[in-house]
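Following: one structure in structure tokens, then a few remarks.
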Amino acid sequence: MRIVIFNWRCFRHSQAGGAELYLHKQAAVWADAGHEVTWLTSRPAGVARKEEAEGIQFVRCGGRLSLYICAAFEFLRHFRSTDVIIDVENGIPFFTQLYARVPVVLLIFHVHTDVWKREESWLMARLGSWLEQKVMPRVYRRNMIVTISESSSKMIKQLFPSKDAKIKIVYSGVAQDLVPGKKADSPEIIYLGRLRRYKSIDVLLNAVSELADLSPILHLVGQGDDEQRLKDLAGSLGLEKVIFHGHVDEDKKRELLQRSWVAVNPSSMEGWGITNIEANACGTPVVGADVPGIRDSICVGKSGFLVPYGDVDALTLQLRNLIQDHDLRLALGSTAVDWAKNYSWEASASSFVEILESVCSD
């Protein structure tokens, strides 16, 4: 098959996250199996317009907003003869259904709802919310929709009340090189993900400030536009053992996940929470907010625990218990590895490509 992916970021983007990892890992498997995969995406400064990586052809054009128009022209000029499109909705889809004359599969990681208000100006929040909640369900009402968790599926069904809506779940995988390693001698906590307001990392910082007597090191791994605010908050809380790593390579990520005693995902919403499974694969239990997506990727009592969203006291108590109870932490680390073994990129890629083949044959 000739597959064209429309996604606003790729692995070269400084703020690439779980969505990009999810697609990249699967697309690499498809390309290795002989499928022709092209990825239309934005072009950050200093990044090549065209590039091949792991068999995937990347074509970059436009910025954050202009991409939607540039990608449409790029497709119409060069890729009309493709077999199927994956239109990725990161708040706003590409509306390829309006101009492409080939099957379109809509990929939705999560419905953004309150994220618009947290991250955008009043005008952009109103526009984005309208496009996602009013326009998108009309344009794609008969398309195949793929999502990554049961929680996201339920939220999508609320947007697409039509009986014609077809929704399939394709879970995330985990890299095979993420395995348990040596833990740090003293408490270390890790957050892995983008530094954005809706990720609610300030809740984690406040919780860690209540654990001063245990003197944990906190690793914040990732980039984002909330970084300076978080650094200011860490300073005001007197946190001296917070390390802002920024973007790290895969080897460093694995090392930090392996040595950490516990990972934390305090976000207000996720589509799934790939980083939770990555931590589990390294033998690290996860404490996450009890919100859509995160509650799907954490198996309570086996791979970690859930706490009420935004509840600093509950998060502090759970972290204290895990840090102080060596036997509990050791047992959870072992069962977390078993939980992570349920997920692989090969299985995900196989499930997704079956969906693509089915829409092409309809």
Just wondering, is there one or more residues in the range 250-263 that are more than 17 Å from the chain's Cα centre (by Cα), of a type in the set (Phe, Trp, Tyr) and closer than 28 Å to residue 228 by Cβ? yes
Can you tell me which residues in the range 288-345 are within 28 Å of residue 185 (Cβ to Cβ), in a loop (DSSP other than H, G, I, E, B) and touching a Pro at 6+ places or on another chain (Cβ under 8 Å)? 303
Yes or no: the range 172-181 includes at least one residue that is without any contact (Cβ under 8 Å) to a residue 12 or more places away in the chain and either in the same structural domain as residue 233 (by TED's automatic domain parsing) or over 30 Å from residue 324 (Cα atoms) (or both). no
Candidates 250, 278, 255 - the one that is under 17 Å from residue 300 (Cα atoms) and of a type in the set (D, E, K, R): 278
Scope the range 21-47; condition surrounded by fewer than 16 Cβ atoms within 10 Å (Cβ to Cβ) and in contact with a strand residue (DSSP E or B) (Cβ under 7 Å, 6 or more places away or on another chain); matching residues: 36, 47
Looking at 334, 351, 303, can you tell me which residue is out of contact with any helix residue (DSSP H, G or I) (no Cβ under 6 Å at 6 or more places or on another chain) and not assigned by TED's automatic domain parsing to the domain that holds residue 103? 334
Residue in the range 272-282 that is in contact with a strand residue (DSSP E or B) (Cβ under 7 Å, 6 or more places away or on another chain), on the phi > 0 side of the Ramachandran plot and either in a loop (DSSP other than H, G, I, E, B) or of a type outside the set (D, E, K, R) (or both) present: yes
Strands (runs of 3 or more DSSP E) within the range 6-60 that include 3 or more residues over 22 Å from residue 248 (Cα atoms) and not assigned by TED's automatic domain parsing to the domain that holds residue 224: 36-41, 56-60
In the range 78-96, residue surrounded by the most Cβ atoms within 10 Å (Cβ to Cβ) [restricted to those that are part of a loop (DSSP other than H, G, I, E, B) and not hydrophobic (A, V, I, L, M, F, W, C)]: 93
Does the range 200-207 contain at least one residue that is assigned by TED's automatic domain parsing to the domain that holds residue 275 and within 30 Å of residue 87 (Cα to Cα)? yes
Considering each residue of the range 120-143, count those that are outside any helix (DSSP H, G or I) and either more than 21 Å from the chain's Cα centre (by Cα) or among the hydroxyl-bearing types (Ser, Thr, Tyr) (or both), and give that number. 5
Among 156, 167, which is assigned by TED's automatic domain parsing to the domain that holds residue 15, outside any helix (DSSP H, G or I) and surrounded by 15 or more Cβ atoms within 10 Å (Cβ to Cβ)? 167
Kindly indicate the residue of the range 97-119 that is of a type in the set (A, V, I, L, M) and assigned to a helix (DSSP H, G or I) and also modelled with the highest pLDDT among those meeting that condition. 98
Qualifying position, being part of a loop (DSSP other than H, G, I, E, B) and crowded, with 21+ Cβ neighbours inside 10 Å, among 162, 151, 172, 186: 172
Out of (1) farther than 25 Å from residue 290 by Cα; (2) part of a strand (DSSP E or B), the odd one out for residue 177 is which? (2)
Please state which one of 330, 356, 315 is farther than 30 Å from residue 84 by Cα, surrounded by 16 or more Cβ atoms within 10 Å (Cβ to Cβ) and not small (Gly, Ala, Ser). 315
Buried (at least 18 other Cβ atoms within 10 Å of the Cβ), of a type in the set (A, V, I, L, M), in contact with a Leu (Cβ under 9 Å, 6 or more places away or on another chain) and over 22 Å from residue 222 (Cβ atoms), is that true of residue 71? yes
Take the range 145-165 and flag every residue that is in contact with a strand residue (DSSP E or B) (Cβ under 8 Å, 6 or more places away or on another chain) and more than 20 Å from residue 22 (Cβ to Cβ). 157, 160, 165
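The values are calculated or read from the model by the stated rules, or taken from the named source; none is laboratory data. Computed from a prediction, not measured in an experiment: that's the story for all the values here. Glycine gets a Cβ as well: all are built from the backbone with ideal geometry, and neighbour counts include every protein chain shown.
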